[in-house]
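Single-structure report; data block below.
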Amino acid sequence: VPELFSRIKQAGRAPTAEERLLDIVELHEARPGITEATLGAWKTSSGLTGYDLLVERVPPRARVVVELGAGNGPLLERLLRERPALERAIGVDLCAADLELARARLDRRAELHRTRADRLPIAAGSADAVLTHHALYLFDPPEPAIREIARVLRPGGLFATAHWTFRKRSESLFWQMMDVMAARNRRDAPHFTGWADPRMLDRDELEALLASEGLAGLEIEEHTLEIREPGELVCDRLMGFFYSVELQRPETRAELRREWLRILASSDTLSFPFSIVSAVRGGLPETLEPAAGRV
Ligand SMILES: C[S@@+](CC[C@H](N)C(=O)[O-])C[C@H]1O[C@@H](n2cnc3c(N)ncnc32)[C@H](O)[C@@H]1O
């Protein structure tokens, strides 16, 4: 098993976006399905996962939907089940092991591509919706990927993503756990500056980035996954989800687990905040456009 995140660890300086991307894909190759094993296990108080919330957004009559960073296909699977009228569900990811798992669980309407989110082999204006689930913020630089999203969407087409929260930090258990993790990251990998372009985590900056490519009408809905599981299991899942844990030395990781368990013991519920961000490709919705040739 190769050492995970070796490029980032060995860089000794802030890693380039390319180094980070190669390391991220290597991690997913070693642990296919890891995001679903974490976020797929947890639900909001209405009993929905982030995947379900995205599928709900897709218009019932959508014919073509694209997912970027599709991983092992949990979102595409739900989409094909809940939207029987769908003709094509196109998944894009760079991780071969995840795409293989996705292929095995999806029906023939699925089309999978191993390619970068900023180079889509998809015709302009052909998609009714483009979705991402905890992947948009990893696309760095974001502009070329956002340009591709806008290009493949038809006018009036929907972009929606499950994303990091925009809520203010609070004293909640979740933020206590994030602080403890961040302090240990700084100690073990002081040269590392983060996974996402900071603009992706700022509401106004994200709105401007989307708008500059013609994705307008930004909406942000905040949600929380309500987690009531034994502390050890919560730690296992979170340590799978947060890439940064892999930057820590094994002793640090053990320390992090002890600290997290201590925090988790103070309540029977951990609320994991996230947002659903959506925007629409500018222009009139298809049904309102004048028919070609009409005077
Ligand atoms: C946190 S995982 C989420 C996977 C899946 N959406 C889920 O939630 O179960 C991020 C995924 O994005 C993919 N990814 C990251 N950067 C990418 C890029 N530039 N182009 C294509 N895929 C990318 C990774 O390979 C990984 O599968």
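The values are calculated or read from the model by the stated rules, or taken from the named source; none is laboratory data. Predicted model, so just to flag it, every value in this text is computed and none were measured. Note: ideal-geometry Cβ built from the backbone for every residue, glycine included; neighbour counts use all protein chains shown.
Looking at 199, 258, 228, 203 in this structure, which one is at pLDDT 95 or above, more than 27 Å from residue 57 (Cβ to Cβ) and of a type in the set (Lys, Arg)? Sole residue among the options that is at pLDDT 95 or above, more than 27 Å from residue 57 (Cβ to Cβ) and of a type in the set (Lys, Arg): 258.
Would a scan of the stretch 23-32 turn up a residue that is outside any helix (DSSP H, G or I) and in contact (Cβ under 8 Å) with a residue 60 or more places away in the chain? Yes; the residues of the stretch 23-32 include at least one that is outside any helix (DSSP H, G or I) and in contact (Cβ under 8 Å) with a residue 60 or more places away in the chain. Within the stretch 226-240, restricting attention to residues that are crowded, with 16+ Cβ neighbours inside 10 Å and assigned to a helix (DSSP H, G or I), the residue that is nearest to the ligand (Cβ to nearest atom) is 240. State yes or no: is residue 162 closer than 27 Å to residue 36 by Cβ, within 13 Å of the ligand (Cβ to nearest atom) and not in a helix (DSSP H, G or I)? Yes, satisfied. Of all residues in the stretch 34-50, count the ones that are among the β-branched types (Val, Ile, Thr) and more than 9 Å from the ligand (Cβ to nearest atom). Adding up the residues that qualify gives 2. I'm checking my understanding of the structure. Among residues of the stretch 126-151 that are within 12 Å of residue 200 (Cα to Cα) and among the charged types (D, E, K, R), which one is farthest from the ligand (Cβ to nearest atom)? Ranking the qualifying residues of the stretch 126-151, first place goes to 143.
Against the condition within 19 Å of residue 101 (Cβ to Cβ) and more than 9 Å from the ligand (Cβ to nearest atom), how does residue 31 come out, does it pass?
Against the criterion (within 19 Å of residue 101 (Cβ to Cβ) and more than 9 Å from the ligand (Cβ to nearest atom)), residue 31 qualifies.
Quick check: is even one residue across the stretch 178-199 surrounded by fewer than 20 Cβ atoms within 10 Å (Cβ to Cβ), of a type outside the set (D, E, K, R), touching a strand residue (DSSP E or B) at 6+ places or on another chain (Cβ under 9 Å) and under 27 Å from residue 23 (Cα atoms)? Looking through the stretch 178-199, none of the residues is surrounded by fewer than 20 Cβ atoms within 10 Å (Cβ to Cβ), of a type outside the set (D, E, K, R), touching a strand residue (DSSP E or B) at 6+ places or on another chain (Cβ under 9 Å) and under 27 Å from residue 23 (Cα atoms).
Which condition number does residue 279 fail, the rest of (1) touching an Asp or Glu at 6+ places or on another chain (Cβ under 8 Å); (2) farther than 29 Å from residue 190 by Cβ; (3) within 16 Å of the ligand (Cβ to nearest atom) being met? Here residue 279 meets the rest and fails (3).
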